[in-house]
Amino acid sequence: MAADHKLILKRFAILIVCMFLLDWGIGAVLKHFYFTKKSGADYRTNYVINSVKSDVLIFGSSKAVYHYDAKIICDSLKLSVYNAGRDLSYIYYHYALLESALRRYTPKLVVLDTRANEFFQFRFNEDRDRLNVLLPFYDSHPELQPIIQLRGEYEKYKLLSKMYPYNSLVLNELVELLPLERYKKDDSQNGYIAKYGSWKKPKEDYTVRDAVDTTAAGYYKKFVELCKAKNVPLVVVYSPIYQNINPAANRNVQYVMQLCEKNNVPVWNYLTDSTFNNPAYYFDALHLNRQGSALYSSIIGGKLKQYLNNK
């Protein structure tokens, strides 16, 4: 009987060792593929965290990616520009990238594109769950660990697995093979991606989500204060949307306005700018197309130039 128990324990130990080796082995292969990627959103995230040295950094969600043509803004400022925006990203992600970049160098200007519902409290914490794109940097960037752990109380234990940080990598690669425009591999230029086509639907009301997620608002405050502490000029911008919205009645917008006023940060609000009250400038109700982003980037580039000249 004792011999049977020893045999079971031995087999169990062998199984554990095999699972451990398999986890490490597959994790090492996935890590190699991740950090050798030369395009796509994951590549751009890695580039901003570990390599970018541009004079101007632009942060934000998909509105940043599609609205800020880095080349046009570069031509206006005569400074190097990188668009660090990412689709389906939120303030936690923006702050994480900013903190990592500022540990390496000091840019001359940071632009933060902000959504009107920036602090919307997601029912299933979608904004924090999206931090999975930062998992590959957990071990190598200690400054990101508190942010990544916002995903859940067990996250640090899950990250003992070497495969876990790259679970989404395989899915992302498979999804990018789908013949769908949304998932097409990007051909970004310094982070900017042009969208083509015009919006055909009539203007509708913006869905106001007036509740404020205090954790998200706290990280927005940390973003502003980090720029201030590092003496990096910051400009907050609400880029255009093709929807009816009253910023003065939006608690999210008012929080940002008050925070920025307190920290002497300019806020440029284009949400209701009449220049962009034209569906021909939009790919969809929330995103400018190539024509609209070219116009918008030229306006922003000129205004940023004036701002820096007056500093």
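Please treat every number below as a calculation from the coordinates, not as lab data. This is a predicted model, so every value here is computed, not measured. Neighbour counts run over all protein chains shown; Cβ positions are idealised from the backbone, glycine included.
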Treat each spin label as a single point 7 Å out from the Cα along the C-beta direction, and report the residue 125 to residue 204 distance in nm. 3.0
Trypsin sites (Lys or Arg not before Pro) restricted to DSSP loop in region 54-87 with at most 12 other C-beta within 10 Å: 78
For residue 282, residues with placed amide H under 5 Å, excluding near neighbours: 199, 289
Spelling out what I want: for every residue of region 306-311, take phi, set θ = phi - 60°, compute 6.51 cos²θ - 1.76 cosθ + 1.60 (Karplus), and round to whole Hz; glycine and proline get x. 4, 4, 5, 5, 8, 5
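Pairs 53/311; 195/303; 71/230; 37/195; 230/262: which exceed 19 Å Cα-Cα?
Details: 53/311 21 Å; 195/303 23 Å; 71/230 26 Å; 37/195 23 Å; 230/262 17 Å.
The answer is 53/311; 195/303; 71/230; 37/195.
Is region 239-302 rounded, prolate or oblate when judged by the Cα gyration tensor, a ≥ b ≥ c being the square roots of its eigenvalues, rounded requiring a/c under 1.5 and prolate requiring a/b larger than b/c? Before the final figure, lay out the partial values.
Details: a/c = 3.00, a/b = 1.58, b/c = 1.90.
Oblate is the answer for region 239-302, as a/c is 1.5 or above yet b/c matches or exceeds a/b.
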Once phi for every residue in region 45-57 is put through the Karplus expression 6.51 cos²θ - 1.76 cosθ + 1.60 (θ = phi - 60°), the whole-Hz ³J(HN,Hα) values, with Gly and Pro written as x, are 4, 4, 5, 5, 5, 10, 9, 4, 9, 5, 5, 10, 10
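Relative to the present Cα-Cα distance, how much length would full extension add between residue 16 and residue 273 at 0.36 nm per residue of separation? Can you show the working numbers first?
Values: separation 257, 0.36 × 257 = 92.52 nm, distance 6.13 nm.
Result: 86.4 nm gained on full extension.
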Quick note, the chain: a/c under 1.5 would make it rounded; otherwise a/b > b/c is prolate and the rest oblate (a ≥ b ≥ c, C-alpha gyration tensor); here it is prolate
Residue range of the chain that is longest and free of chymotrypsin sites (Phe, Trp or Tyr not before Pro) which are both DSSP loop and sparsely packed (at most 13 other C-beta within 10 Å): 197-311
Using the crude model of +1 on Lys and Arg Cβ and -1 on Asp and Glu Cβ, and no other charge, please compute the dipole size for region 37-309 relative to its Cα centre, in debye to 20. 460
Applied in sequence order to region 60-70, the curve 6.51 cos²θ - 1.76 cosθ + 1.60 (Karplus, θ = phi - 60°) yields integer Hz couplings, x standing for Gly and Pro, of x, 8, 4, 4, 5, 4, 8, 9, 10, 6, 4
